[in-house]
1. Exactly one condition in (1) in contact with a helix residue (DSSP H, G or I) (Cβ under 9 Å, 6 or more places away or on another chain); (2) modelled with pLDDT under 95 is not met by Gly131; state its number.
2. Among (1) closer than 27 Å to Cys142 by Cβ; (2) hydroxyl-bearing (Ser, Thr, Tyr); (3) out of contact with any Phe, Trp or Tyr (no Cβ under 8 Å at 6 or more places or on another chain), which single condition is Thr81 missing?
3. If I ask for residues that are touching a residue at least 40 places away in the same chain (Cβ under 8 Å) and over 16 Å from Leu129 (Cα atoms), which ones from the range 18-28 would you list?
4. Please return the ranges of helices (runs of 4 or more DSSP H) entirely within the range 58-139 where 1 or more residues are touching a Pro at 6+ places or on another chain (Cβ under 6 Å) and crowded, with 21+ Cβ neighbours inside 10 Å.
5. Does Leu14 count as part of a loop (DSSP other than H, G, I, E, B) and surrounded by fewer than 17 Cβ atoms within 10 Å (Cβ to Cβ)?
6. For Asp51, only one of the following conditions fails: (1) surrounded by 14 or more Cβ atoms within 10 Å (Cβ to Cβ); (2) of a type outside the set (Phe, Trp, Tyr); (3) outside any loop (DSSP other than H, G, I, E, B). What is its number?
7. Can you tell me how many residues within the range 24-39 are within 12 Å of the chain's Cα centre (by Cα), surrounded by 17 or more Cβ atoms within 10 Å (Cβ to Cβ) and not β-branched (Val, Ile, Thr)?
8. What number goes with the only condition from (1) buried (at least 16 other Cβ atoms within 10 Å of the Cβ); (2) under 30 Å from Leu140 (Cβ atoms) that Trp21 does not pass?
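The values are calculated or read from the model by the stated rules, or taken from the named source; none is laboratory data. Remember, it's a predicted structure, so these values are computed and weren't measured experimentally. All Cβ positions, even for glycine, are placed from backbone atoms using ideal geometry, and neighbour counts span all protein chains on display.
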Amino acid sequence: MKLPQLSDSKQALLSDIGLLWARISIGGMMLLAHGLGKLQNFSAYKANFPDPLGIGSEISMALAIFAEFVCSIFLILGLGTRLALTQLIATMGVAAFIFHANDPFFAAPGKTSKEFALVYFAAFVFLFLAGPGRFSIDRLICKKWGKK
């Protein structure tokens, strides 16, 4: 039995819905599971926050909050998407390749690993390459300025 083929317009619509879903779900998870907690507990954690780049714990935490909270909101909205993603990619790169450099890829429950940082890193790189899609503020801005 041969499966029916989707028309190009239906396939494009499904791709754009997929990009919207990816932006909302991945950006939302980063925002709620990582950025919000850091923002709410900034004063409690700033002195002991990891400083893998040697720029100071407070600045490292502020940069992580900017990426994980602010840039996640931009990602969800599809506003300045690729610029926001550069910050998220950099943050997850530091987490995976510097902070968790000596951790195993997989770890036993309750132990740290680089797996989650690499999963986010891969998802953010995918979104950077794919772009925000049709259902984004970036697309509305480009459409208004006459660009595709």
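1. Every listed condition holds for Gly131 apart from (2).
2. Of the numbered conditions (1) closer than 27 Å to Cys142 by Cβ; (2) hydroxyl-bearing (Ser, Thr, Tyr); (3) out of contact with any Phe, Trp or Tyr (no Cβ under 8 Å at 6 or more places or on another chain), the odd one out for Thr81 is (3).
3. Result: Ile24, Gly28.
4. In the range 58-139, the matching helices (runs of 4 or more DSSP H) lie at 81-94.
5. Criteria not met by Leu14.
6. (3)
7. Total satisfying the criteria: 5.
8. Going through (1) buried (at least 16 other Cβ atoms within 10 Å of the Cβ); (2) under 30 Å from Leu140 (Cβ atoms) one by one, Trp21 breaks only (1).
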